[in-house]
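Participant: I'd like to ask you about the structure that follows.
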Amino acid sequence: MKKGKNRLKKFMLCTIIFFGTLLSMYLAMSIYFMNRFYFGSSVNRMDISGKTVEDVDKQITSELTSYTLLLEEQGGVREEIKGSDIGLKYNHNSHDKIKSLKTSQNPFQWIYSIFNKTNFQLSDISLYDEELLKKRVNNLSCFNTSNIIEPKNASFKYTDNGYKIVKEVEGNKVNKDILYNHIGDAITKGETTLNLKSSNCYEKPQYTSNSKEIIAVKNLFDKYTSTKITYTFGQSTEILDGSIINTWLNVDENLEVIFDETKIKYYIDTLAKTYDTLGTTRNFITSLGKTVKVSGGDYGWSINKSKEVQDIIAVIKNGQSITKKPIYKQTALSHGINDIGNTYVEINLSKQYLWFYKNGSLIVEGSVVTGNVRRNHSTPAGTYKLKYKQKDTVLRGADYASPVSYWMPFNGGIGIHDATWRSAFGGNIYLTNGSHGCINAPYQVAKAIFYNIEAGVPVICYY
């Protein structure tokens with residue numbers, strides 16, 4: 001019984017000593033943390049465990065002196081920004097804030113710090129010279145123009161099998177403003193490493209090969225270049241297909257498909273140079289069997305270039321395959337080397353003689369009187385087209401009014417008409433007693449032409 005009581009007393013004494021010791025240790029640590037930060041405390045990632053406010057001031061000052069920020073760039077390139085390069089120093093105005101942080105830690109609750117680490121973040125713990133930082137950033141190798149690869153959007157390449165998407169170029173161009181802000185933030189937070197790629201400092205292509213906009217343009221390009229236009233010029237043809245159309249297609253900065261109308265016009269120009277005959281010099285085989293060169297006049301084919309450009313674009317946008325004629329400003333009766341065809345009026349101004357052929361058959365011929373040479377009214381040479389025909393009208397000028405039965409103008413106020421006031425035609429009459437430029441024909445000749453001719457028929461005048 002007595003032994004049991006002694007054992008109980010010993011146990012009670014040990015317990016009191018144990019808990020007394022723990023209490024003493026707890027109180028001692030509480031006293032320790034009255035002026036010191038908890039274990040596991042840090043400010044801007046600097047470990048300040050067990051340090052006084054004054055110790056922290058000294059530590060921050062020391063660490064800022066040796067501070068270095070490592071920049072990790074593409075291609076394994078690394079660059080450093082040292083605190084000494086930018087005038088980095090401790091902001092002593094932060095002393096009171098650090099002291100306030102210490103005050104916020106209740107010394108009697110230090111035991112919780114064993115299980116919970118605390119990182120205090122102060123935005124103005126350090127100061128640096130912004131101009132020095134900008135200068136250092138400007139001198140980074142990633143801003144050396146010889147090292148910069150510009151980012152490029154995905155693009156397109158035309159092949160025999162349609163368009164292929166060319167992968168975008170990521171490049172290594174850094175956005176200076178974004179980088180500068182990240183550097184400033186890293187310095188403020190006390191970070192020692194900054195990865196430019198993970199921080200999104202690099203400029204990126206707006207459109208990649210997987211962008212829906214790129215795929216949509218590719219499909220549109222394929223549609224446009226599937227177009228095939230077969231141009232007909234009489235017996236001749238010209239094929240316009242994707243091999244040419246692809247050189248006309250492009251996209252703007254918003255990936256809107258645009259047509260290079262300058263190139264399209266150039267293509268139409270090449271067609272016009274080959275097939276337009278308006279204003280050309282023709283080798284004309286006369287009724288007398290001689291070949292003469294005839295220049296001037298308003299007869300011939302002439303493509304309406306501006307309208308044809310727009311028509312081509314419309315056809316391409318529909319992805320059509322069609323056979324068509326160009327849109328013309330003016331047409332002729334035939335294509336080929338001889339666009340005059342076999343229905344025409346031939347006037348030999350030197351011989352003062354006229355022939356009219358219809359569908360290859362001679363309808364009428366006869367002597368005529370043309371413009372008065374002495375009075376500078378000579379009938380101009382050239383190939384013209386008949387503008388219209390009119391019966392029973394009066395031809396008026398400054399000093400004349402001549403009634404005619406058959407009027408067929410082909411060059412402004414110059415035309416073919418009967419001249420019943422004349423008793424003779426041909427010869428050299430035109431040299432001194434010719435017309436004001438018109439072709440004076442015998443009544444029956446004018447009549448035969450009038451009833452067999454239509455507007456648009458060529459009239460060839462030559463000397």
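The values are calculated or read from the model by the stated rules, or taken from the named source; none is laboratory data. A quick note: this is a predicted structure, and the numbers were derived from the prediction, not measured. Virtual Cβ from ideal backbone geometry, glycine too; neighbours counted across all protein chains shown. Areas reflect the complete protein model, heavy atoms only, side chains present, ligands, DNA and RNA absent. Shrake-Rupley method; radii C 1.70, N 1.55, O 1.52, S 1.80 Å.
Participant: What number comes out for accessible area per residue over region 369-463 if the probe is 1.4 Å? Units Å², please.
Facilitator: 46 Å²
Participant: For the chain, which whole percent of the accessible surface, found with a 1.4 angstrom probe, sits on carbon and sulfur atoms?
Facilitator: Carbon plus sulfur share of accessible area: 51 percent.
Participant: Something else: Which entry is the computed mean projected area of the Cα convex hull in nm² for this structure: [x] 29.3; [y] 28.2; [z] 46.5?
Facilitator: Of the listed options [x] 29.3; [y] 28.2; [z] 46.5, [z] comes from this structure.
Participant: How about region 143-225: which trypsin sites (Lys or Arg not before Pro) there are in a DSSP loop, with at most 16 other Cβ atoms within 10 Å of their Cβ?
Facilitator: 167, 197
Participant: If the label point is 7 Å along Cα→Cβ of residue 131, which residues in region 62-83 have backbone nitrogen under 20 Å from it?
Facilitator: Answer for region 62-83: 82-83.
Participant: May I pose another question? Select from 111, 355, 216 the residue farthest towards the positive end of the dipole of the chain; place +1 on Cβ of Lys and Arg, -1 on Cβ of Asp and Glu, and compute about the Cα centre.
Facilitator: Of the listed residues, the answer is 111.
Participant: Specify whether the C-alpha gyration tensor of region 111-197 places it in the rounded, prolate or oblate class, a ≥ b ≥ c being the square roots of the eigenvalues: rounded for a/c under 1.5, otherwise prolate if a/b is larger than b/c and oblate if not.
Facilitator: Note, shape of region 111-197 comes out oblate.
Participant: For residue 191 and residue 52, what is the calculated FRET efficiency with R₀ set at 30 Å and r taken between the beta-carbons, to the nearest 0.05?
Facilitator: Approximately 0.75, to the nearest 0.05.
Participant: If packing is taken as the average number of other Cβ atoms within 10 Å across a peptide's residues, how do 375-385, 136-146 rank, most packed first?
Facilitator: 375-385, 136-146
Participant: Just to verify a number: what accessible area does residue 68 come out at with the full protein assembly present, 1.4 Å probe, Å² rounded to tens?
Facilitator: Here the accessible area works out near 40 Å².
Participant: Tell me the net charge near residue 121. Cut-off is 12 Å between Cβ atoms, residue 121 excluded, with +1 for each Lys or Arg and -1 for each Asp or Glu.
Facilitator: So the surrounding residues net to 0.
Participant: Another question, then. State, as an integer percentage, the relative contact order of the chain based on alpha-carbon contacts under 8 Å between residues 6 or more apart.
Facilitator: 10 percent
Participant: Order the following by accessible area, largest value first: 72, 346. Probe radius 1.4 Å; ligands, DNA and RNA are ignored.
Facilitator: Ranked list, largest accessible area first: 72, 346.
Participant: From the protein chains alone at 1.4 Å, what is the descending order of accessible area for 357, 443, 406, largest first?
Facilitator: 443, 357, 406
Participant: Moving on. Residues of region 37-124: accessible area per residue at 1.4 Å, in Å²?
Facilitator: Here the per-residue accessible area is 56 Å².
Participant: Using r as the Cβ-Cβ distance of residue 314 and residue 292, and R0 as 41 Å, what FRET efficiency do you calculate, to the nearest 0.05?
Facilitator: 0.45
Participant: Which value, in Å², gives the accessible area per residue of region 197-332 when a 1.4 Å probe is used on the protein heavy atoms?
Facilitator: Using a 1.4 Å probe on heavy atoms only, each residue of region 197-332 averages 54 Å².
Participant: Once the Cα atoms of helix 2-32 and of the chain are each reduced to a long axis, what angle between those two axes, in degrees from 0 to 90 to the nearest 10, is obtained?
Facilitator: 50 degrees
Participant: Let me know the shape class of region 326-375, please: from the alpha-carbon gyration tensor, a ≥ b ≥ c as square roots of the eigenvalues, rounded when a/c is under 1.5, otherwise prolate if a/b is greater than b/c, or oblate.
Facilitator: Because a/c hits 1.5 or more and a/b fails to exceed b/c, region 326-375 counts as oblate.
Participant: Let me ask something else about it. Which GluC sites (Glu not before Pro) in region 235-270 sit in a loop by DSSP (not H, G, I, E or B) and have at most 13 other Cβ atoms within 10 Å of their own Cβ?
Facilitator: 253, 256
Participant: Still on this structure, I have one more. If I model a spin label as a point 7 Å beyond the Cα along the Cα-Cβ vector, how far apart are those points for residue 109 and residue 22 in nm?
Facilitator: Result for the modelled spin labels: 2.1 nm.
Participant: Over region 169-244, what is the mean sequence separation of C-alpha contacts under 8 Å (at least six apart), divided by residue count, expressed as relative contact order in percent?
Facilitator: Over region 169-244, the number comes to 22 percent.
Participant: How far apart, in nm, are two points set 7 Å out from the Cα along the Cα-to-Cβ line at residue 400 and at residue 166?
Facilitator: 7.0 nm
Participant: Just from its helices, what would the mean residue ellipticity at 222 nm be for the chain, if runs of 4 or more DSSP H residues each count -39500 (n - 2.57) and the sum is divided by every residue, rounded to the nearest 500 deg cm²/dmol?
Facilitator: Calculated mean residue ellipticity at 222 nm is -9000 deg cm²/dmol.
Participant: Right, next: Sticking with the crude label model, points 7 Å out along Cα→Cβ, report the distance from residue 258 to residue 374 in nm, one decimal please.
Facilitator: With each label point 7 Å from Cα toward Cβ, the separation is 6.6 nm.
Participant: Follow-up. When DSSP beta bridges are limited to those with both residues in the chain, what percentage is antiparallel, rounded to the nearest 5?
Facilitator: Around 75 percent antiparallel, to the nearest 5.
Participant: At R0 = 41 Å, how high is the FRET efficiency between residue 331 and residue 212 if r is their beta carbon distance? Nearest 0.05 is fine.
Facilitator: It comes out at approximately 0.30.
Participant: Taking K and R as +1 and D and E as -1, what net charge do the other residues with C-beta under 15 Å from the C-beta of residue 226 add up to?
Facilitator: Taking every other residue near residue 226 into account, the sum is +1.
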